[in-house]
């Protein structure tokens with residue numbers, strides 16, 4: 001794998017590519033990073049992404065999506081989609097989350113994201129401690145979105161995709177402030193949930209929602 005001079009001069013770049021570099025040296029050529037967004041919210045889907053980066057097209061600024069401003073995420077979202085070898089997205093609805101639990105839903109979203117890659121990877125780098133049910137070699141990395149550029153790129157695709165979904169839901173359910181809180185349990189969201197009750201995209205299996213749907217179970 002040949003890196004540009006600018007890449008070689010970047011210590012951050014080198015650190016973020018350490019896992020990928022090791023795998024390339026082992027003979028893997030198509031490495032996908034995977035990450036999800038939306039495990040913690042009370043409403044909306046969980047979204048995962050998988051990204052195979054083209055290391056001959058350097059994208060400056062890729063990092064854990066949580067560390068980036070919305071404007072920066074949007075800019076990188078566009079660049080990653082344009083310059084990566086491939087990307088895929090998986091979306092699991094709140095109804096499915098309620099049926100199979102959020103951990104299993106997150107793993108299923110990752111699996112869908114990998115399946116939806118137009119190029120089949122030969123190795124997966126996964127954010128976190130758990131493995132999706134995919135018949136590929138893989139490595140789980142705790143805080144991987146801060147340690148692997150491929151995972152960080154996936155975190156940006158997943159985060160921006162989910163934020164856009166929640167902005168669309170805001171137009172349908174404006175009373176909850178989804179465009180602002182993205183479904184997370186902010187103080188304002190809890191107050192709105194208390195006032196209006198849950199809507200159809202709220203996760204009924206999550207305690208703050210369940211408490212308002214089935215108060216007799218929590219009395």
Inset, instruction - Give, in nm to one decimal, the length gained when the segment between residue 142 and residue 122 is fully stretched (0.36 nm per residue of separation minus the Cα-Cα distance). - result: 5.1 nm
Inset, instruction - Identify which of 66, 195, 120 has the largest mean-square fluctuation in a Gaussian network model of the chain, with springs joining Cα atoms closer than 10 Å. - result: 195
Legend entry - Stretchable slack from residue 175 to residue 133, in nm (0.36 nm times residue separation minus alpha-carbon distance): 11.3 nm
Inset, instruction - On a C-alpha basis, how far is the centre of the stretch 21-84 from the centre of the stretch 100-161 in Å? Whole number, if you could? - result: 10
Inset, instruction - Name the most mobile residue of 37, 86, 158, meaning the one with the largest mean-square fluctuation, in a Gaussian network model of the chain with Cα contacts below 10 Å. - result: 86
Inset, instruction - Determine the percent antiparallel among the DSSP beta bridges restricted to the stretch 5-184, to the nearest 5. - result: 60
Inset, instruction - Subtract the Cα-Cα distance of residue 29 and residue 194 from 0.36 nm times their separation in residues, and report this length gain in nm to one decimal. - result: 54.3 nm
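Using Cβ contacts closer than 10 Å as the measure, can you line up 138, 107 from fewest to most?
Working: 138 17, 107 23.
So the residues, fewest neighbours to most, are 138, 107.
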Legend entry - C-alpha long axis of helix 102-115 to longest principal axis of the chain, angle in °: 40
Inset, instruction - Be a star and scan the stretch 127-142 for residues whose amide nitrogen sits under 15 Å from the point 7 Å along the Cα-to-Cβ vector of residue 115. - result: 132-136
Legend entry - Distance histogram in 5 Å bins (all Cα pairs of the stretch 155-219, percent per bin): 4, 18, 26, 24, 15, 8, 4, 1, 0
Legend entry - Reference-scaled alpha-carbon Rg (2.2 N^0.38 Å with N residues) for the chain: 1.08
Legend entry - Estimated FRET transfer efficiency when R0 is 45 angstrom, pair residue 184-residue 15 (beta carbons, to 0.05): 0.95
Inset, instruction - Based on other C-beta atoms within 10 Å, arrange 189, 202, 173 from fewest to most. - result: 173, 189, 202
Legend entry - Shape metrics for the stretch 1-118, restricted to C-alpha atoms - Rg then Dmax, Å: 15.8, 50
Inset, instruction - May I ask for the angle, rounded to the nearest 10°, between helix 70-83 and the longest principal axis of the chain, with both axes built from Cα atoms and the value confined to 0 to 90°? - result: 50
Legend entry - Residue order, fewest to most surrounding Cβ atoms within 10 angstrom, among 209, 51: 209, 51
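A short reminder: the numbers here are calculations on the coordinates, not readings from a lab. Keep in mind the model is a prediction, meaning the values are calculated, not measured. We place every Cβ from the backbone using ideal geometry, glycine too, and count neighbours over all the protein chains shown.
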